[in-house]
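Read through the structure below, which is laid out as structure tokens, and then see the notes.
The values are calculated or read from the model by the stated rules, or taken from the named source; none is laboratory data. Quantities reported herein were computed from a predicted structural model and do not represent experimental measurements. Every residue, glycine among them, receives a Cβ derived from its backbone with ideal geometry; neighbour counts consider all protein chains shown. Each accessible area value is taken on the protein alone, full model and side chains, heavy atoms only, with ligands, DNA and RNA left out. Shrake-Rupley method; radii C 1.70, N 1.55, O 1.52, S 1.80 Å.
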Amino acid sequence: MGEWLGVIGDPIEHSLSPIMHRKWFADFGWSHHYQAFRVKRDDLKQAVDGLRALGAKGFNVTIPHKVAIMPLLDEIDDEARALGAVNTVIQADGRLLGTNTDGLGFIESLKEKNVSYAGADVLILGAGGAARAVGLSLARHAGRVDVAGRTLEKAEALAHDIAKTTASAAYTLERAAARLDGYRLIINATPVGMTPNIDAAPLSLERISDQATCIDLIYRPLETRFMKEARQKGARVLNGLPMLIHQGALAFERWFGRRPDTTGMETYLSQILGAHR
Ligand code: NAP
């Protein structure tokens with residue numbers, strides 16, 4: 001009959017995780033199941049109790065539950081504790097262990113794409129959950145990791161945490177735009193530019209270096225305005241699919257002890273997203 005797994009969040013209907021994990025199950029010839037469940041904020045505890053009672057092998061966690069789920073689990077590993085959020089739960093012997101594969105998945109995606117990040121000067125746009133995962137993970141490798149945000153206090157709080165590992169300063173988006181040429185890696189970790197608001201961009205790229213790599217964590221659309229403008233300025237651009245795929249592959253490995261083949265997944269998901277534009 002196979003194991004069953006899933007992803008909980010709200011909204012959830014556009015999640016690519018079921019498509020991705022089912023493809024990997026098929027690659028291995030397994031009959032496991034992976035389902036998306038819409039779980040409202042107030043129903044999180046009941047949902048977690050249900051997943052435990054019904055014996056789910058594991059599940060992914062997305063907006064808005066990544067932080068709220070932490071006290072509902074039996075154990076939180078060091079990575080999830082360091083990032084202050086859980087995106088993957090593993091069930092073993094009735095106990096629920098929370099981990100987080102977002103940051104390591106992002107780093108894996110940089111390696112796969114040959115983006116150099118060791119010693120680089122990095123700017124992260126946004127100070128929410130994804131910015132935190134990416135920023136704290138990059139802090140272990142980069143030269144400096146600055147944060148620019150709409151709400152300066154939130155950017156300062158993240159920069160303060162990053163500064164425990166590497167140099168970091170916080171800026172408003174406007175101030176960051178004025179000093180963009182100093183960064184080799186610029187990452188949009190805000191939802192600005194996501195479908196349906198595809199004409200929006202988080203900041204002006206007027207001063208970007210043509211040596212920069214710009215990564216948008218968004219993958220709907222596959223090319224955001226941020227990416228398009230950066231590409232037109234001569235920068236290298238990537239969307240959020242590689243991170244999505246690698247955080248998913250790391251979760252899969254935690255559940256099954258096997259590494260899925262990520263080759264071809266970006267093309268597969270791009271075709272699905274392109275077809276649903
Ligand atoms: P979040 O926790 O809600 O944080 C969003 C951040 O964006 C906050 O810092 C927020 O500013 C900022 N923001 C929101 N609207 C803005 C606007 N109109 N102008 C300027 N800043 C704005 O969300 P998240 O989980 O970090 O997700 C952020 C993005 O990353 C989303 O697009 C999500 O889809 C994407 N993501 C991708 C992956 C992947 O695998 N590719 C994984 C996770 C997330 P304030 O600080 O002022 O609130």
In segment 219-240, the residues that are surrounded by 18 or more Cβ atoms within 10 Å (Cβ to Cβ), part of a helix (DSSP H, G or I) and not charged (D, E, K, R): F226, M227, A230
Wholly within segment 125-192, strands (runs of 3 or more DSSP E) carrying at least 1 residues that are touching a residue at least 60 places away in the same chain (Cβ under 8 Å): 185-188
Top-ranked residue of segment 241-263 - restricted to ones that are part of a loop (DSSP other than H, G, I, E, B) and in contact with a helix residue (DSSP H, G or I) (Cβ under 9 Å, 6 or more places away or on another chain), ranked as least open to solvent (accessible area, probe 1.4 Å): P260
The one condition in (1) open to solvent by 10 Å² or more (accessible area, probe 1.4 Å); (2) under 18 Å from Y183 (Cα atoms); (3) within 16 Å of the ligand (Cβ to nearest atom) that D102 fails to fulfil: (2)
Subset of segment 105-124 [open to solvent by less than 50 Å² (accessible area, probe 1.4 Å), outside any loop (DSSP other than H, G, I, E, B) and within 14 Å of the ligand (Cβ to nearest atom)]: G105, F106, I107, S109, L110, L123, I124
Strands (runs of 3 or more DSSP E) contained in segment 1-71 and holding at least 1 residues within 17 Å of the chain's Cα centre (by Cα) and at pLDDT 95 or above: 4-9, 58-61
Considering residues of segment 154-173 that are open to solvent by 80 Å² or more (accessible area, probe 1.4 Å) and more than 11 Å from the ligand (Cβ to nearest atom) only, the residue nearest to L125 (Cα to Cα): H160
Lone qualifier among D121, D42 - being out of contact with any strand residue (DSSP E or B) (no Cβ under 7 Å at 6 or more places or on another chain) and either closer than 15 Å to G9 by Cβ or not small (G, A, S) (or both): D42
Residue in segment 197-212 that is within 29 Å of L273 (Cα to Cα) and part of a helix (DSSP H, G or I) present: no
Meets criteria (open to solvent by 10 Å² or more (accessible area, probe 1.4 Å) and touching a residue at least 12 places away in the same chain (Cβ under 8 Å)) for P71: no
